[in-house]
Every structure is written in structure tokens, then in C-alpha cells.
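These notes concern the structure reproduced below.
The values are calculated or read from the model by the stated rules, or taken from the named source; none is laboratory data. Only a predicted model underlies this, so the values are computations on that prediction, with no experimental measurement involved. Cβ sites come from the backbone with ideal geometry, for glycine too, and all protein chains shown count toward neighbours. We work out accessible area using only protein heavy atoms, side chains counted, and drop any ligands, DNA or RNA first. Shrake-Rupley method; radii C 1.70, N 1.55, O 1.52, S 1.80 Å.
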Amino acid sequence: MAAADAPVPELQARATACAERLLAADRVLLASHIDADGLTSAAVASSALERAGIPFETVFEKQLDAASVAGIAERDYDTVLFTDFGSGQLDVIADHEAAGDFTPVVADHHQPADADTEFHLNPLLEGIDGASELSGAGAAYVLSRALAEAGDTEPRLGNRDLAALAVVGAVGDMQASGGELHGSNSGIVAEGVEAGVLEETKDLSVYGKQTRPLPKLLEFASDVRIPGITNDERGAVSFLDDLEVDCRADGQWKRWVDLADDEKQTVASALVRHAVSRGVPAFKIDRLVGTSYILAEEEQGTELRDASEFSTLLNATARYERADVGLAVCLGDRAGALDRARELLRNHRRNLSEGIEWVENTGVTKEEHLQWFDAGDEIRETIVGIIAGMSMGADGVARDMPIVAFARKNDEETKVSGRGTGPLVGEGLDLSVVMREASQAAGGDGGGHDVAAGATIPAGNEATFVEHADRIVGEQLD
Ligand code: C5P
Ligand code: C5P
Ligand code: ZN
């Protein structure tokens, strides 16, 4: 493939090298991360391996560390493909490579550790931002396109149909949180649109447009808080009842997707007017509209039709030790796996709202440069980061300082999650450095992205962690 035809031209040489290595393998162990981006990464990579005729097996890890990499090495595969993680653990991986345990191929977007390897596809190595311009699933997509080019088989659309899953991964990693996807992600969106698997629309940017009844859609849209509607069921109902739009059919509330275009326009304009009249500032009102990414081949009114709802559905599986369910949905299982995923989604939603309520009721502790809370056993360690991010801007939680959250992993270990905002990153915040250095000072390890990162530390060392993290954040924002 000429670089000009490649979805992300800067990464083409690396993608081709990785693809050729995979095509030369007898069989491949595919290892990926347990979140929406990790699942879609695995789905994209496994589809591409399958289509290329390369035998493989898939495993998921909550996190990659010395123990999990050693477990992978014991599986006796001579080639291991890591997606959505691997770069941050290249020091550990390189030791296994040097010992002849396996050859690593890495398609990731996390901050690399101080070691490199021959087959390494990561946007950060080419000056592309891994937190906002390309996700793990995006990196896997670039690899899948190179596999289509380098192999003997000729998969449908050169694997461009996999762009839909790549976009679900990027949206799941919050890469569209500025309103739309940008950077290298745009090239992937363009290929998906051209292949007919994706549509982009400018629309109300609230979560649940496919599946939520209209009052719930508005009531729970908490990104931009609108007095008299947000968290106010009766307010939301009376707002809708006052409109010249029929929001019910057969006595049931319609969903956003059930409205005609002019009706959507009417509701959106009224919502903006209402927000203005209640004093919501202009920069927040701008955030009410954004780009939606529609999976054109999925049925309207389902979670799978909208990239943002799809990604939440996936988090509801993988973060609860059911990555197999999420992967099956990604790979096309619309029967048993989808039903199971929907059950898990109900549970996940409940956990998120209870978790945020817990943070609001318990409060956060403010240091000089950051705020933190320790959820102990109250919040599952696999979702404490999501809750930390969602709680920023909630009652009593500031948005102008990063948040650090602790949750118990087991008797010996504590999980740490850190979340920031775009503006804080603009001022110099890099949580991947904060998490790595503060956790190492507290006897653990961590990493991630500038805006979102995590770590594991020995239980009991939380205060040491906070002390170091507060100092490092202070230095970064100085
Ligand atoms: O491991 P991975 O890169 O897939 O995870 C990224 C994490 O960072 C996700 O949990 C995502 O929600 C979070 N994130 C965030 N805010 C951003 C970017 C990413 O909370 N602006
Ligand atoms: O677990 P959490 O959602 O807080 O993770 C935020 C980001 O930090 C993710 O991209 C995750 O892969 C990364 N992370 C990491 N090393 C850890 C924990 C998290 O690189 N030990
Ligand atoms: Zn990711």
C-alpha cells in the first residue's frame, strides 16, 4: 500500500513490518486489555488474523505486569501480538524477548517504557498523540489494513469494514470528548464512511440517543448540567410536554432516534433556549452539539448503532470479567451474547450511578494541586477510573485540578486511577508521568496517558503516593 492510501500514513512502515512478521508466524497469541478499546482492538486484530489465515488464540488481561507477561510467555507461542497495551511494559516484554520466549508485536497507544522492540506500532513514536488522536483499536485497525495488503488473501474491502469497531474503541477511550474525533482518527472515520459501515452526523451530544426514552435521555445528560432538566425527571417531562412535538407514540415515550429530523431540530433548539434562559454559559451550550458516529450496518434503536452506547456496552462486559461476551458481540453474535451484554449493562449502569453518588456523599480530599478519594471496597477497582472521571464537576468535585482515586484490589494491593481534563493537559499535566513516578515512589508501578492514567501500589502506601503525586502535579502545572 502506498503511504498515501494508508489510513495513517505516518505509521505505514511500522504497520507493514508488523504485518509481515505476523504473516510469517505459524500461530499467534493475541493479548489485549479489558476495556472497550481493548475489546475492539482484539476484535479488529482477530478478524484480520482470521481473514489472513493465521491461526491464533485470544487472551485478555486486566493489566500487563511482570506476572501476566510471564503467564503469556508460558503459553509457548513464538509470536505474541499485544493490542491496547504492551508499549508501557516493553521493559518487561524485552526481557522475555531477549530470553527467546517469544517475539512481541505491539499495536498500542500508551506511553512507551524505556525499551523498544522491532515490531512496534504506536502513534507516539511518530509524533501523534496517543491520548486523543489514535486509540488502541485505531492502531489495530492500521495493522489490519496492512495485513490485508501484505497477505495472499483479499479480505472484503481490504478490512476497511473494521473501521466501525476502531471508532467504537476511540470513542470508548474518550477521544471524541472535544465534540468529534480528530487527528489520525479522522482518516479511519473517512475509510469507514467510504466503506459504508459508518455515518457521521452533527447531533445533540448526549448519551443514549438510540435506546433511552426522551425524558431519561435529558434527565441523565449530565455532561452539561441544565437546571430544571438535568437530574430532574418532572422537569424533563414538562419540558417535553411543552413542545410542539409529539414525543409519545401509543402512550410510550419515543426515543431520540424515533423523532424526524425537523422534530430533533425543534427539541434541540428548545433545549438550547432553555439552557440560555437558566444561565448556562455559552461554552457549555456549545458542548450540547457534537458529532455522532453511527454504525450503519447495525439495527436502529440498539446500543450497537451508536459508537458511544456500543462502547459502554463493552465496558459493561470486560470490566466484569466477561470480555468473552463483549468480544462475541463485536464479532457479530447478535443472539445470546448481546442479551447477556445487555444484562451486564444494567448492572454496570447501577454501579456507575451508585459509585458517583458515593463520591458525592463522601466527598474528596483536596491537596494543594490535586484532589483524591479512597473508595476501599465500595467501588470495583476496574471501574473506579470511570467513576473518577465522571465525578469531575459533580457536587464538591473540582474540574480545575486532577483527581486521583483509590480502590482495593486485594489484601495486598491498591488500584490507583488518575483523571484530568483537556485544559489541564494544555497547562502541562501529564498523568502518565505522575502515575508512574508516584507509584514507583510508593513501591508500585503505573502509566497510561497524559489525561488518564493508572497504577497499582502496595496497600497502606496511599499517603506516600498522594504526597509524591501532589508534588509532581505541582511541578507540571508550575
Ligand atoms: O487503556 P486505555 O487507553 O484503553 O484506557 C483509556 C482510559 O482513559 C479510558 O478509561 C478512558 O475513559 C480514559 N480517558 C478519559 N478521558 C480522556 C481520555 C481517556 O477518562 N480524555
Ligand atoms: O485503570 P484506569 O482506567 O484508571 O486506566 C487509565 C489508563 O491508564 C488506561 O489507559 C490504562 O491502560 C492505563 N494504565 C496503565 N498502567 C496501570 C494502570 C492503568 O498504563 N498500571
Ligand atoms: Zn486504549
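Label the range 108-223 by shape, choosing from rounded, prolate and oblate, from the square roots a ≥ b ≥ c of the eigenvalues of the Cα gyration tensor; if a/c is under 1.5 it is rounded, and otherwise prolate applies when a/b is larger than b/c, oblate when it is not. Mind showing how you got there, number by number?
Values: a/c = 2.84, a/b = 1.49, b/c = 1.90.
Oblate, because a/c is 1.5 or more while a/b does not exceed b/c.
Could you check the simple spin-label distance between Asp377 and Lys216, using points 7 Å along Cα→Cβ, in nm with one decimal?
3.1 nm
Using amide H atoms built in the peptide plane, which far-off residues or other-chain residues are under 5 Å from Val59 H to H?
Distant-sequence amide H within range of Val59: Leu30, Ala31, Ser32.
Calculate the length of the line joining the C-alpha centroid of the range 403-452 to that of the range 351-383, in whole Å.
About 14 Å separates the Cα centre of the range 403-452 from the one of the range 351-383.
Starting from the Cα gyration tensor of the range 363-477, take the square roots of the eigenvalues, sort them a ≥ b ≥ c, and report rounded, prolate or oblate (rounded when a/c is under 1.5, otherwise prolate if a/b is larger than b/c, else oblate).
Numbers: a/c = 1.63, a/b = 1.20, b/c = 1.36.
Oblate shape, in that a/c is at least 1.5 and b/c is the bigger or equal ratio.
Per residue, how much accessible surface does the chain expose to a 1.4 Å probe? Answer in Å², no decimals. Kindly include the intermediate steps, with their values, before the conclusion.
Details: 19590 Å² over 478 residues.
Heavy-atom SASA per residue in the chain reads 41 Å².
Based on the Kirkwood radius over alpha-carbon pairs, what is the Stokes-Einstein translational diffusion coefficient of the range 3-198 at 4 °C with 1.567 mPa s viscosity, in µm²/s?
Values: Rh = 16.1 Å.
Translational D for this selection: 81 µm²/s.
How large is the helix-only mean residue ellipticity at 222 nm for the chain, computed as the sum of -39500 (n - 2.57) over DSSP H runs with n ≥ 4, divided by its residue count, in deg cm²/dmol to the nearest 500?
Working: 18 runs with 205 residues, N = 478.
Computed ellipticity for the chain at 222 nm equals -13000 deg cm²/dmol.
For the range 220-259, rounded, prolate or oblate, judged on the Cα gyration tensor with a ≥ b ≥ c (square roots of eigenvalues), a/c < 1.5 rounded, else prolate if a/b > b/c? Please report the intermediate quantities before stating the final value.
Working: a/c = 2.26, a/b = 1.71, b/c = 1.32.
Because a/c hits 1.5 or more and a/b exceeds b/c, the range 220-259 counts as prolate.
Treating the beta-carbon of each Lys and Arg as +1 and of each Asp and Glu as -1, no other charges, what is the dipole magnitude of the chain about its Cα centre, to the nearest 20 debye? List each step's numbers first, then the result.
Values: 41 positive and 85 negative charges, 284 e Å.
The calculated dipole for the chain is roughly 1360 debye.
Using R₀ = 60 Å, calculate the FRET efficiency as 1/(1 + (r/R₀)^6) where r is the Cβ-Cβ separation of Arg248 and Asp400; round to 0.05. Provide the component values of the computation, followed by the final result.
Details: r = 42 Å, r/R0 = 0.69.
Using R0 = 60 Å, I get an efficiency of 0.90.
Can you find, among Thr312, Gly385, Ala42, the residue sitting farthest towards the positive end of the charge dipole of the chain, where Lys and Arg contribute +1 and Asp and Glu -1 at Cβ?
Farthest towards the positive end: Thr312.
What ratio of Cα Rg to 2.2 N^0.38 Å holds for the range 287-334?
Working: Rg = 11.8 Å, N = 48, 2.2 N^0.38 = 9.6 Å.
Here the Cα radius of gyration is 1.23 times the empirical estimate.
Can you pick out the pairs among Lys366/Lys415; Lys284/Lys366; Lys366/Lys409; Lys62/Lys254 whose Cα atoms lie more than 30 Å from each other?
Numbers: Lys366/Lys415 19 Å; Lys284/Lys366 25 Å; Lys366/Lys409 24 Å; Lys62/Lys254 38 Å.
Where the Cα-Cα span goes over 30 Å, the pairs concerned are Lys62/Lys254.
Report the extension gain between Ala335 and Gln265 in nm, rounded to one decimal, defined as 0.36 nm multiplied by the number of residues separating them, less their alpha carbon distance. Can you show the working numbers first?
On the way: separation 70, 0.36 × 70 = 25.20 nm, distance 3.46 nm.
Value of the extension gain: 21.7 nm.
Near the amide H of Asp374, under 5 Å away, which other amide H atoms are found, from residues 5 or more places off or on another chain, if H is placed in the peptide plane?
Phe406
Can you give me the distance in nm between label points at Glu321 and Ala190, each placed 7 Å from the Cα along the Cα-to-Cβ direction?
Here the modelled spin labels are 4.5 nm apart.
Find, among the GluC sites (Glu not before Pro) in the range 224-264, those assigned to loop by DSSP (not H, G, I, E, B) with at most 12 other beta-carbon atoms within 10 angstrom. If you can, show how the numbers build up before the last one.
On the way: sites: Glu233, Glu244, Glu263; in loops: Glu244.
Here the sparse-neighbourhood loop sites are Glu244.
Keeping the other protein chains in place, figure out the carbon and sulfur percent of the accessible area of the range 380-478, with a 1.4 Å probe. Each step should come with its number before you reach the end.
Numbers: 1700 of 3800 Å².
Ligands and nucleic acids excluded, carbon and sulfur give 45 percent.
Given C-alpha coordinates of the range 7-61, what is the ratio Rg to Rh with the Kirkwood estimate of Rh?
On the way: Rg = 11.8 Å, Rh = 12.0 Å.
Ratio of gyration radius to Kirkwood radius: 0.98.
Net charge within 12 Å of Glu367 by Cβ-Cβ distance, Lys/Arg positive one each and Asp/Glu negative one each, not counting Glu367 itself? Show your work: numbers first, answer last.
Numbers: positive: Lys366, Arg471; negative: Glu368, Glu467, Asp470.
Around Glu367, the surrounding residues sum to -1.
Within the range 238-270, which chymotrypsin sites (Phe, Trp or Tyr not before Pro) sit in a loop by DSSP and count at most 15 neighbouring Cβ atoms inside 10 Å? Walk me through the numbers on the way to the answer.
Numbers: sites: Phe239, Trp253, Trp256; in loops: none.
Loop-located and lightly packed - none at all.
State, in angstrom, two size descriptors of the range 210-292 derived from its alpha carbons: Rg to one decimal place and Dmax to the nearest whole number.
Considering the range 210-292 through its Cα atoms, Rg and Dmax are 12.1, 38 Å.
So, how do all the Cα-to-Cα distances of the chain break down into 20 Å bins, in percent, from 0 on up?
P(r) over the chain, rounded to whole percents: 24, 57, 18, 0.
Identify the residues of the range 254-278 with backbone N under 13 Å of a label point that sits 7 angstrom from the Cα of Asp232 along the Cα-to-Cβ direction, or state none.
Residues 274-278 qualify, since their backbone N sits under 13 Å from the label point.
Using the Cα centre of the chain as origin and beta-carbon charges of +1 (Lys, Arg) and -1 (Asp, Glu), tell me which of Asn231, Ile93, Pro155 is placed farthest towards the positive end of the dipole.
Of Asn231, Ile93, Pro155, it is Asn231.
For the range 3-198, with all protein chains present and a 1.4 Å probe, just round the carbon and sulfur fraction of the accessible area to a whole percent. Write down the numbers at each step before the final one.
Numbers: 3000 of 6710 Å².
Here it works out to 45 percent.
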